[in-house]
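These notes are about the structure you will find just below.
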Amino acid sequence: MGIAAMVGTPIKRREDPRLITGQATYVDDVKLLGMLHMAVLRSPHGHARINSINTDAARQHPGVVAVYTAQDLKGIVGNVPIALPLPPHITNGMGRRGPLAEGKVRFYGDPVAVVIAEDRYTARDALDLIDVDYEVLPAAIDVEKAMQEGAPLLYEEFGTNVGVSIHPPTEEIDKVFADTLANGGVVVKGRFVNQRLAPSPMETRGAVAEFRKSDKSLHIWSSSQIPHLLRNNLAEQLGLPQTQVRVTVPEVGGGFGCKLNIYPEETMAAFAAMKTGRPVKWIEDRDENLAATIHGRDQVDYIEAAADKNGKVTGLKVQVVSNLGAYLQFFTDAIAIAFTLPMVNGCYDIPATYTSADVVFTNKAPTDAYRGAGRPEATYLIERAMDLVARELGKDPSAVRMTNFVKPEQFPHKMSTGAVYDSGNYQLALDKAMQLIDYQALRQEQARRRANPNGKLMGIGISSYVEICGIGPKNTAPFGLYESARVRVEQSGTVTVYTGASPHGQGEETTFAQLVSDEFGIPIEKVLVLHGDTDSTPEGRGTYGSRTTAVGGTAVFNAAQKLKEKMKTIAAHMLEASVPDIAFEDGRFSVAGSPQKSVSFEEVAAAANLSNTLAPGIEPGLETTVFFEPDACTFPFGTHICVVEVDKDTGEIELARYIAVDDCGRQLNPLLVAGQVHGGIAQGVGQALFEEVVYGEDGQLLTSTFMDYAMPIAKEMPQFELDHTVTPTQVNPLGVKGVGEAGTIGSTPAVAAAVADALNVAHIDMPYKSERMWKAIHQK
């Protein structure tokens with residue numbers, strides 16, 4: 001493609017050839033001399049007291065090198081790290097845990113002991129030789145029952161399972177509701193469940209740890225989204241200086257937020273390597289992944305919306321009940337409070353909003369970030385609320401949305417939740433989606449089909465979403481969420497980019513190279529993007545929250561600008577001109593007004609690195625490191641429209657059409673944007689139709705394999721019909737917003753609305769499995 005403009009060009013991912021030809025390296029591909037293998041003994045109970053653990057037989061088993069329990073870690077290894085401990089109880093230790101269970105197990109799959117052996121099979125066999133005396137306790141499974149007095153307590157010393165409870169006074173919102181009713185308006189109410197999900201990446205978790213006693217250095221290979229945060233927190237847990245801990249993240253076969261954590265198994269692999277003096281590998285099985293890797297969602301949301309006769313929403317009440325599971329992982333306690341509550345207004349200019357929340361511990365696996373992380377829940381509840389308003393007033397769902405949209409001229413706009421949106425044109429996205437699907441013709445077809453009682457039921461669902469992305473402004477977290485880039489121009493004119501972000505399928509090896517190629521006017525083949533090794537990349541915060549391009553890409557862009565300025569100074573000396581007179585275009589530095597006097601990018605790079613011809617005062621080399629911390633977050637948005645057909649005899653749902661119009665600001669690579677939207681829709685549809693983690697009343701996990709936990713497959717998806725609008729942000733110089741979670745956030749409410757519309761009911765809870773649908777149809 002030469003040096004044609006790269007940004008905005010839909011080129012294929014540069015990462016893909018090594019991935020699809022089997023030449024990529026994942027954690028399980030790491031093999032070190034003398035490597036041992038770790039297996040984890042997990043609790044078979046949802047809630048039980050540990051009376052004793054006898055490991056003698058396991059220790060004596062041939063091939064076993066070591067067995068560790070919580071007793072071996074006391075005073076040596078710290079608790080599993082969390083980012084944001086909230087008052088009153090979590091700040092005092094509620095929900096905190098060490099790497100191995102001590103005294104009690106609190107969920108099925110809770111790690112109790114580890115075996116270190118010469119091979120994986122021996123380690124697994126030796127687990128059966130560990131004798132644990134459990135006293136089984138009643139389990140708290142239903143999150144609302146767990147809040148009640150008399151429920152089984154996970155942490156008896158606190159006298160409650162509620163970790164955080166936020167319930168402000170209601171007088172102001174109550175007045176808004178009363179005034180609306182007095183003026184002839186309506187109030188709608190709903191209880192919406194976002195069921196528990198298993199992220200289920202194709203590659204399960206894994207870690208390899210190597211400790212070199214000669215220099216007391218620890219090297220961890222991990223399938224992680226946060227290499228630097230993992231290094232920093234592991235160092236603190238293990239009592240090592242950060243300079244002695246190195247984390248390498250090779251290829252990651254899917255993260256979706258579940259690898260945005262510091263897990264007990266990573267810590268235990270490192271501890272075992274330090275104790276044995278030999279490398280230790282642990283690779284998670286799929287049943288472990290479904291049981292012990294974090295789960296997502298699991299919210300119960302109560303809403304009330306007041307609206308006038310025209311459909312204008314005057315007030316919104318939201319009560320969120322968030323199921324934390326048994327323990328806290330990195331962001332567990334913050335998901336609902338930091339990401340659901342601020343976004344419950346959605347795209348709508350609602351003048352008064354009341355939010356309250358309870359975050360509750362139960363005897364389930366911990367929850368944490370899963371693609372969207374709190375924002376899908378917010379979008380689901382407000383989109384369902386808009387549909388309830390439309391149904392109550394006998395209006396089309398599109399009309400109610402149009403009545404309530406924040407208008408383009410109102411941006412930047414402070415919502416009644418306190419969130420400040422950067423830019424948007426919500427009406428345009430909805431109009432475009434309705435035009436693409438020929439919305440009015442669809443409604444006419446639906447009316448005709450409803451007149452024929454023998455055919456399939458047809459439903460149409462709209463979801464207009466907005467999400468908060470580009471996480472990175474000051475005070476977003478207890479630590480800075482900036483991003484970094486180091487850019488080096490080599491003597492030959494090739495460029496190496498080191499990013500502190502950690503892309504793992506999003507495509508930044510391609511898009512960052514496109515950015516640099518454009519800025520320097522050089523072929524993309526001359527740009528190499530490296531990431532994932534804390535010894536070579538600058539301190540960064542990783543990849544999650546649709547932030548990598550908005551924050552990390554801006555760091556790369558700013559670094560390129562700094563180097564161009566230095567190169568202009570060098571070029572000015574070479575051309576015997578003043579710096580202000582130097583222009584740069586198409587990879588050449590020239591003198592303004594005399595374009596024939598020019599030097600190439602490569603010639604300036606050579607001069608900078610060879611240094612003999614540099615002017616006095618100019619440092620040799622072309623390398624800079626930049627950190628970028630945005631002033632605000634970004635708010636991408638869009639509209640998805642879904643058409644479903646429901647078989648009345650079987651309850652089976654077919655997605656007949658699916659339209660998505662998304663706006664992520666400026667698109668650096670439209671092909672990669674489409675790929676992100678496709679994947680997101682598949683996961684959002686999976687939640688709506690199939691996926692659900694289920695526990696028995698005793699805390700037993702009933703969906704412990706893919707035979708029980710249903711995942712969507714390709715044949716169940718329609719051809720996605722995608723389009724976009726472009727509303728740049730002013731938050732960063734690239735104008736980009738983020739798109740990694742858009743499909744997941746927009747799709748679930750669209751399917752939910754379509755299913756409710758097909759059944760002609762106000763609401764039905766997910767997932768829409770055939771049995772549930774059949775019952776709903778025949779009860780009606």
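The values are calculated or read from the model by the stated rules, or taken from the named source; none is laboratory data. This structure is a prediction, so every number in the text was calculated from the model and none was measured. Glycine gets a Cβ as well: all are built from the backbone with ideal geometry, and neighbour counts include every protein chain shown. These accessible areas exclude ligands, DNA and RNA; they are computed on the full protein's heavy atoms, side chains included. Shrake-Rupley method; radii C 1.70, N 1.55, O 1.52, S 1.80 Å.
At a glance:
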{"quantity": "Rounded FRET efficiency, nearest 0.05, which uses the C-beta distance separating V694 from K309 and R0 of 45 Å", "calculated": "0.60"}
{"quantity": "Under the Karplus curve 6.51 cos²θ - 1.76 cosθ + 1.60, θ = phi - 60°, whole-Hz ³J(HN,Hα) for the range 580-587, x wherever Gly or Pro sits", "calculated": "x, 8, 8, 10, 10, 7, 6, x"}
{"quantity": "Links that overshoot a 29 Å alpha carbon limit, given the list K189/K407; K189/K775; K175/K414; K175/K474; K12/K564", "calculated": "K175/K474"}
{"quantity": "Dipole axis of the chain (+1 Lys, Arg; -1 Asp, Glu on Cβ), positive-most option in V320, L388, N732", "calculated": "N732"}
{"quantity": "The chain: antiparallel DSSP beta bridges as a percent of all, rounded to 5", "calculated": "80"}
{"quantity": "Approximate spin-label separation A477-L32, in nm, with each point projected 7 Å along Cα-to-Cβ", "calculated": "2.6"}
{"quantity": "Percent accessible area from carbon and sulfur atoms, the range 463-576, protein chains only, probe 1.4 Å", "calculated": "48"}
{"quantity": "Filtered trypsin sites (Lys or Arg not before Pro), the range 216-260: DSSP coil and at most 13 other beta carbons within 10 Å", "calculated": "K216"}
{"quantity": "Euclidean distance between Cα centres, the range 385-402 to the range 624-679, Å", "calculated": "23"}
{"quantity": "Ordering of 662-669, 145-152, 401-408, 165-172 by burial proxy (mean other Cβ atoms within 10 Å per residue, highest first)", "calculated": "662-669, 401-408, 145-152, 165-172"}
{"quantity": "Reach of K566 by Cα under 20 Å, taken over lysines that are not fewer than 8 positions away in the same chain", "calculated": "K526, K597"}
{"quantity": "Amide H contacts of D110 (H built 1.01 Å from N, under 5 Å, at least 5 apart or other chain)", "calculated": "S43"}
{"quantity": "Rg and Dmax [Cα atoms of the range 1-113; Å; Rg one decimal, Dmax integer]", "calculated": "22.8, 69"}
{"quantity": "About the Cα centre, charge dipole magnitude for the chain (Lys/Arg +1, Asp/Glu -1 at Cβ), debye", "calculated": "480"}
{"quantity": "Positive-end extreme of charge dipole, the range 50-128 - chosen from M94, A57, G75 (charges on Cβ)", "calculated": "M94"}
{"quantity": "Inter-part distance where the range 707-725 and the range 287-306 are each reduced to a Cα centre, Å", "calculated": "21"}
{"quantity": "Segment Q435-M202, extension gain: residue separation times 0.36 nm, minus the distance between their alpha carbons", "calculated": "80.2 nm"}
{"quantity": "Estimated FRET transfer efficiency when R0 is 35 angstrom, pair D133-N79 (beta carbons, to 0.05)", "calculated": "0.90"}
{"quantity": "Amide H within-cut-off set for K597, under 5 Å, with H built and near neighbours excluded", "calculated": "V591"}
{"quantity": "Residues with amide H under 5 Å from that of K12, placed H, sequence gap 5 or more", "calculated": "none"}
{"quantity": "Efficiency of FRET from Cβ geometry, V7 and S578, R₀ 30 Å, rounded to 0.05", "calculated": "0.50"}
{"quantity": "Assigned charges on the beta-carbon of Lys, Arg, Asp, Glu; the range 291-363 dipole about Cα centre (debye)", "calculated": "140"}
{"quantity": "Dipole of the range 660-735, positive end: most advanced residue of V661, L701, A682 [Cβ charges, Cα centre]", "calculated": "V661"}
{"quantity": "Accessible surface of the range 137-256, 1.4 Å probe, proportion on carbon and sulfur as whole %", "calculated": "52"}
{"quantity": "For the range 424-438, 3J(HN,Hα) per residue [Karplus equation, 6.51 cos²θ - 1.76 cosθ + 1.60, θ = phi - 60°, Hz, x = Gly/Pro]", "calculated": "x, 9, 5, 4, 4, 5, 5, 4, 5, 5, 5, 5, 4, 8, 6"}
{"quantity": "Inter-probe distance in nm under a simple model that places probes 7 Å from Cα toward Cβ, at A24 and K775", "calculated": "4.0"}
{"quantity": "GluC sites (Glu not before Pro) restricted to DSSP loop in the range 696-780 with at most 16 other C-beta within 10 Å", "calculated": "E697"}
{"quantity": "Euclidean distance of C-alpha centroids, the range 419-476 and the range 223-282, integer Å", "calculated": "42"}
{"quantity": "Surface per residue (accessible, 1.4 Å probe) for the chain, Å²", "calculated": "37"}
{"quantity": "T91-K715 pseudo-label distance in nm [points 7 Å out on the Cα-to-Cβ vector]", "calculated": "5.6"}
{"quantity": "Backbone N within the range 597-627 under 12 Å of label point (7 Å from Q491 Cα along the Cβ vector)", "calculated": "606-612, 621"}
{"quantity": "Normalised contact order of the chain, rounded percent, pairs of Cα under 8 Å and 6 or more residues apart", "calculated": "16"}
{"quantity": "³J(HN,Hα) computed for each position of the range 762-775 - Karplus, 6.51 cos²θ - 1.76 cosθ + 1.60, integer Hz, glycine/proline x", "calculated": "5, 6, 9, 6, 6, x, 8, 6, 4, 4, 4, 5, 4, 4"}
{"quantity": "Residues in the range 251-283 reached by a label modelled at E236 [backbone nitrogen below 13 Å; 7 Å Cα→Cβ]", "calculated": "262"}
